[in-house]
Amino acid sequence: MNPDRCFGGSLLVLIGLFTNVLGAFIGINIGTDVSSMPSASEVVSIIKTHRITHVRLYDADSHMLKALADSGIEVTVGVTNEEVLGIGESASAAAAWVSKNVASYVPSTNITAIAVGSEVLTSIPHAAPILVTAMNNLHKALVASNLNFQVKVSSPQSLDIIPEPFPPSTAAFNSSPNSTVYQLLQFLNNTNSYFMLNAYPYYGYTNGNDIFPIDYALFKPLPSVKQIVDPNTLFHYNSMFDAMVDATYYSMDALNFSGIPIVVTETGWPWQGGPNEPDATVENAGTFINYLIRRVSNDSGPPSRPNIPMNTYIYELFNEDKRRGPVSEKNWGVLYTNGTAVFPLSLSGSSQIMGNATTVFCVAKDDASEDKLQDGLNWACGQGQANCSVIQSGQPCYLPNNIKNHASYAYNDYYQRMHTVGATCDFDGTATITTNDPSYRSCIFTGSSNSSAREGLLPPGAFGPVSPLGESMKLLVSKGGIQLLILLPLYLL
């Protein structure tokens, strides 16, 4: 993101790891302001390791494009903001750009789109009058190269171009029929392209003067008395994210464009902030990202467009420690540069486990109730003899301090040690097998060969910390931020 605005980015990578292969997909940004940025080949290796199937670059870096060759990964290349004016002023410059950055790499590198600039209408408004001309020049160059059916052209825009996004039904672009926005929509409609939207509930909440509760921004369920309802349509909005997307659809409707799909090109949540950024936490970031994955993976759209999936790209893959601005600007990454996760990433919202993984893990289900998870955690740490010391305060797997994270570690520790003698990954229906490594930071989950992984039911018996030796120790386990006291057999120490 640019330091002087809420939205942006410099390099975007879409994660096929988070993809529902039959429907919607989720992507992720990779910024380049990183002190120890991996090489292009290392980035592609991380992409492959995490089964990433789509990448988008804000530039057309030759090293990345070469490294992506023959990978099958779909690539969106980017025209930088600095290049927009030149391409808009010269059709020959657009043709040269397409020849150099697109035609010379296909078909080995699977380039499928060009993103023209980054939030041009709000970040470099002096270039706004020439934006659509630049897009037209690029499209004509693609036609001349017989690539226009394979490669689409669009331009990511900030939600800031909608002055009043709530209620969604009355949202409208700050524009007129002769405006750049109108011309942009005409271009997208005529070329069967899509609208690229950058939408950040984090900023919607932190800049919203407490109008909406934080749970609304984090996708968390709201009690019935706090439901967010559009007074005109009576549509219920379960998340600020849905409302932002719908506000953009209604804004297009207001200009008589109703057939252009939206792709959310940037969204995310920072996991660390300064003293005045209390909402930028590991727990909030993990909650937002995992609920986002789950939301997008159900293949439905916002209330006004329920049948149009919300393809979405997360901001961002790595922290950009070289960025200017507040502490939060440097802490949006979901992975470290070595490929390990900052916080647990639950990908069970996808409809299919991808690839022929050699390692499996036992983790808590996204939709499991906290009461059942607590029962399962108590059993795993007690009678199940899991090593639960690492989920205690100050230990590597304590944060994020929530029941699902703690249960996942305990479930997996029990399963990895006991599955060879018949133990299963079920825990009263609250657990599931996954091939996605839930390890993050220094919290390492042990994995096992999938040839020995078996699903089934736990052996009969009550969940509970039963000690065959009749001796126990006290262990604190978190539930909803409250420390609960359970007992551990002494032989687990």
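The values are calculated or read from the model by the stated rules, or taken from the named source; none is laboratory data. Only a predicted model underlies this, so the values are computations on that prediction, with no experimental measurement involved. Neighbour counts are summed over all protein chains in view; Cβ atoms, including those assigned to glycine, are modelled from backbone coordinates with ideal geometry. Accessible surface is based on the protein model in full, side chains and every heavy atom, while ligands, DNA and RNA are left aside. Shrake-Rupley method; radii C 1.70, N 1.55, O 1.52, S 1.80 Å.
Here are the numbers for this structure:
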quantity: Looking only at region 172-191, and only at residues there that are of a type in the set (S, T, N, Q) and modelled with pLDDT of 95 or more, the one that is farthest from SER118 (Cα to Cα); calculated: ASN190
quantity: Test: ALA134 is within 30 Å of the chain's Cα centre (by Cα), modelled with pLDDT of 95 or more and in a loop (DSSP other than H, G, I, E, B); calculated: no
quantity: Residue list for region 212-232, filter: in a loop (DSSP other than H, G, I, E, B) and free of Cβ contacts under 8 Å to residues at least 40 places away in the same chain; calculated: PHE212, PRO213, PRO221, LEU222, PRO223, GLN227
quantity: Evaluation of LEU475 against (1) at pLDDT below 70; (2) open to solvent by 10 Å² or more (accessible area, probe 1.4 Å) (one fails), failing number; calculated: (2)
quantity: Exclusive hit being open to solvent by 30 Å² or more (accessible area, probe 1.4 Å) and closer than 24 Å to THR267 by Cα, set PRO107, PRO129, PRO125; calculated: PRO125
quantity: Subset of region 155-166 (residues that are open to solvent by 30 Å² or more (accessible area, probe 1.4 Å) and either in contact (Cβ under 8 Å) with a residue 24 or more places away in the chain or part of a helix (DSSP H, G or I) (or both)); calculated: ASP160, PRO165, PHE166
quantity: Of residues in region 381-399 being farther than 14 Å from PHE445 by Cβ and hydrophobic (A, V, I, L, M, F, W, C), the one modelled with the lowest pLDDT; calculated: LEU399
quantity: Which numbered condition SER328 misses (of (1) open to solvent by less than 50 Å² (accessible area, probe 1.4 Å); (2) modelled with pLDDT of 95 or more; (3) part of a loop (DSSP other than H, G, I, E, B); (4) under 29 Å from TYR409 (Cα atoms)); calculated: (3)
quantity: Residues of region 231-247 that turn out to be closer than 16 Å to PRO163 by Cα and either out of contact with any Leu (no Cβ under 8 Å at 6 or more places or on another chain) or charged (D, E, K, R) (or both), as a count; calculated: 3
quantity: The one condition in (1) under 21 Å from PHE195 (Cβ atoms); (2) open to solvent by 10 Å² or more (accessible area, probe 1.4 Å); (3) touching a helix residue (DSSP H, G or I) at 6+ places or on another chain (Cβ under 6 Å) that LYS152 fails to fulfil; calculated: (3)
quantity: Residue in region 257-274 that is open to solvent by less than 50 Å² (accessible area, probe 1.4 Å), assigned to a helix (DSSP H, G or I) and not small (Gly, Ala, Ser) present; calculated: no
quantity: Breaking point among (1) touching a helix residue (DSSP H, G or I) at 6+ places or on another chain (Cβ under 7 Å); (2) closer than 19 Å to MET196 by Cβ; (3) polar (S, T, N, Q); (4) at pLDDT below 95, for THR109; calculated: (2)
quantity: Region 39-65 residues that are in contact (Cβ under 8 Å) with a residue 40 or more places away in the chain, paired with ones that are open to solvent by 20 Å² or more (accessible area, probe 1.4 Å) and charged (D, E, K, R) (beta carbon under 7 Å, 6 or more apart); calculated: HIS54/GLU74
quantity: Qualifying positions in region 91-109 - farther than 11 Å from LEU138 by Cα and in contact (Cβ under 8 Å) with a residue 40 or more places away in the chain; calculated: LYS100, ASN101, ALA103, TYR105, VAL106, THR109
quantity: Members of region 59-100 that are closer than 15 Å to LYS152 by Cβ and surrounded by fewer than 22 Cβ atoms within 10 Å (Cβ to Cβ); calculated: GLU74
quantity: Filter result (of a type outside the set (A, V, I, L, M, F, W, C), under 16 Å from PRO302 (Cβ atoms) and in contact with a helix residue (DSSP H, G or I) (Cβ under 7 Å, 6 or more places away or on another chain)) within region 159-197; calculated: PRO165, PRO168, SER169, TYR194
quantity: Neighbours by Cβ (under 7 Å, 6+ apart or cross-chain): first from region 369-389, closer than 26 Å to PRO221 by Cβ and without any contact (Cβ under 8 Å) to a residue 60 or more places away in the chain; second open to solvent by 30 Å² or more (accessible area, probe 1.4 Å) and in a helix (DSSP H, G or I); calculated: LEU373/LYS404
quantity: Number of the condition not met by SER193 [criteria: (1) open to solvent by 30 Å² or more (accessible area, probe 1.4 Å); (2) within 26 Å of ILE260 (Cβ to Cβ); (3) part of a loop (DSSP other than H, G, I, E, B)]; calculated: (1)
quantity: Residue list for region 440-458, restricted to those being at pLDDT 80 or above, buried (at least 18 other Cβ atoms within 10 Å of the Cβ) and part of a loop (DSSP other than H, G, I, E, B); calculated: PHE445, GLY447
quantity: Residue match in region 115-131 (condition: modelled with pLDDT under 95 and more than 21 Å from SER175 (Cα to Cα)); calculated: yes
quantity: Scan of region 137-149 for residues that are in a loop (DSSP other than H, G, I, E, B) and either surrounded by 20 or more Cβ atoms within 10 Å (Cβ to Cβ) or polar (S, T, N, Q) (or both), ordered by number; calculated: SER145, ASN146, ASN148
quantity: Pairs with Cβ under 6 Å, 6+ apart, first in region 400-425 and free of Cβ contacts under 8 Å to residues at least 40 places away in the same chain and assigned to a helix (DSSP H, G or I), second among the hydrophobic types (A, V, I, L, M, F, W, C) and surrounded by 21 or more Cβ atoms within 10 Å (Cβ to Cβ); calculated: TYR409/ILE391; TYR409/CYS397; ALA410/LEU377; ALA410/ALA380; ALA410/CYS381; ALA410/ALA386; ALA410/CYS388; ASP413/ALA386
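Conditions tested, residue by residue: (1) part of a loop (DSSP other than H, G, I, E, B); (2) open to solvent by 30 Å² or more (accessible area, probe 1.4 Å); (3) hydroxyl-bearing (Ser, Thr, Tyr); (4) touching a residue at least 24 places away in the same chain (Cβ under 8 Å).
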| site | (1), (2), (3), (4) |
| --- | --- |
| LEU234 | yes, yes, no, no |
| MET244 | no, no, no, yes |
| TYR249 | no, no, yes, yes |
| ALA280 | yes, no, no, yes |
| ALA285 | no, no, no, yes |
| ILE289 | no, no, no, yes |
| PRO303 | yes, yes, no, yes |
| ILE308 | yes, yes, no, yes |
